[in-house]
Amino acid sequence: MQKLFKDFIKCGILGWCLEITFTALHSLQQRKMSLQGTTSLWMFPIYGAGCLLKPVCSLVKGCHWLVRGCIYALCIFTAEYASGFFLQKKELCPWNYGRARWNIGRVIRLDYAPCWIITGLLMEHAITDRK
């Protein structure tokens, strides 16, 4: 249980850092040179839930990195949709992809698949035992 808690913390912090970096870099498109990144407190437990990928990591450990990344992205899309749907119902969802071309239900963006592949692989690295 202690390992699961540590993995939850690792994934939560990793997710927050990636999101802050991503949103800061996204500000370059808007020519905002302050590079201010943002996140929400709600995102920590959502990213922390990445620790639940560990059994999936065990199942796909022999696969090519791109196959593993795509499987993780599918898991992340599922979690993002479920958490976004729930938070929308409570009017607490910190993101809204309604204006994005490839959105589903305003809570996931299919064009973010490469980001989720990378995130999944980074979380895999953070939570798997390397010997």
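The values are calculated or read from the model by the stated rules, or taken from the named source; none is laboratory data. From a predicted model like this one, the values you see are computed outputs, not experimental measurements. Counting neighbours? That spans all protein chains shown, and the Cβs are built from the backbone with ideal geometry, glycine included. All accessible areas refer to the heavy atoms of the entire protein, side chains included, with ligands and DNA or RNA removed. Shrake-Rupley method; radii C 1.70, N 1.55, O 1.52, S 1.80 Å.
Would you mind stating whether L59 is at pLDDT 95 or above, of a type outside the set (F, W, Y), open to solvent by 90 Å² or more (accessible area, probe 1.4 Å) and within 21 Å of T128 (Cβ to Cβ)?
Numbers: at pLDDT 95 or above: yes; of a type outside the set (F, W, Y): yes; open to solvent by 90 Å² or more (accessible area, probe 1.4 Å): yes; within 21 Å of T128 (Cβ to Cβ): yes.
It is true that L59 is at pLDDT 95 or above, of a type outside the set (F, W, Y), open to solvent by 90 Å² or more (accessible area, probe 1.4 Å) and within 21 Å of T128 (Cβ to Cβ).
Test Y72 against the stated conditions and say whether it is open to solvent by 60 Å² or more (accessible area, probe 1.4 Å), part of a helix (DSSP H, G or I), touching a Gly at 6+ places or on another chain (Cβ under 8 Å) and not small (G, A, S). Break it down stepwise before answering.
Working: open to solvent by 60 Å² or more (accessible area, probe 1.4 Å): no; part of a helix (DSSP H, G or I): yes; touching a Gly at 6+ places or on another chain (Cβ under 8 Å): yes; not small (G, A, S): yes.
Spelling it out, it is not the case that Y72 is open to solvent by 60 Å² or more (accessible area, probe 1.4 Å), part of a helix (DSSP H, G or I), touching a Gly at 6+ places or on another chain (Cβ under 8 Å) and not small (G, A, S).
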### Task
Could you tell me which numbered condition E91 fails, if it satisfies all but one of (1) farther than 17 Å from E19 by Cα; (2) assigned to a loop (DSSP other than H, G, I, E, B); (3) in contact (Cβ under 8 Å) with a residue 12 or more places away in the chain; (4) open to solvent by 80 Å² or more (accessible area, probe 1.4 Å)?
(3)
### Message
Just to verify a result, which residue in segment 17-38, among those that are under 25 Å from M123 (Cβ atoms) and small (G, A, S), is most open to solvent (accessible area, probe 1.4 Å)?
### Response
G37
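Can you report the number of residues in segment 51-88 which are in contact with a Cys (Cβ under 7 Å, 6 or more places away or on another chain) and without any contact (Cβ under 8 Å) to a residue 24 or more places away in the chain? Quick ask: steps written out before the conclusion?
Taking segment 51-88 first, the residues in contact with a Cys (Cβ under 7 Å, 6 or more places away or on another chain) are 51, 53, 56, 84, 87.
Within this subset, residues satisfying the condition of being without any contact (Cβ under 8 Å) to a residue 24 or more places away in the chain are 56.
Qualifying residue count, segment 51-88: 1.
Quick check on K10: is it farther than 21 Å from A113 by Cβ, surrounded by 15 or more Cβ atoms within 10 Å (Cβ to Cβ) and more than 11 Å from the chain's Cα centre (by Cα)? Step through it out loud before you land on a result.
Details: farther than 21 Å from A113 by Cβ: yes; surrounded by 15 or more Cβ atoms within 10 Å (Cβ to Cβ): yes; more than 11 Å from the chain's Cα centre (by Cα): yes.
So K10 fits the description; yes.
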### Query
Within segment 99-131, which residues are among the basic types (K, R) and crowded, with 18+ Cβ neighbours inside 10 Å?
R109
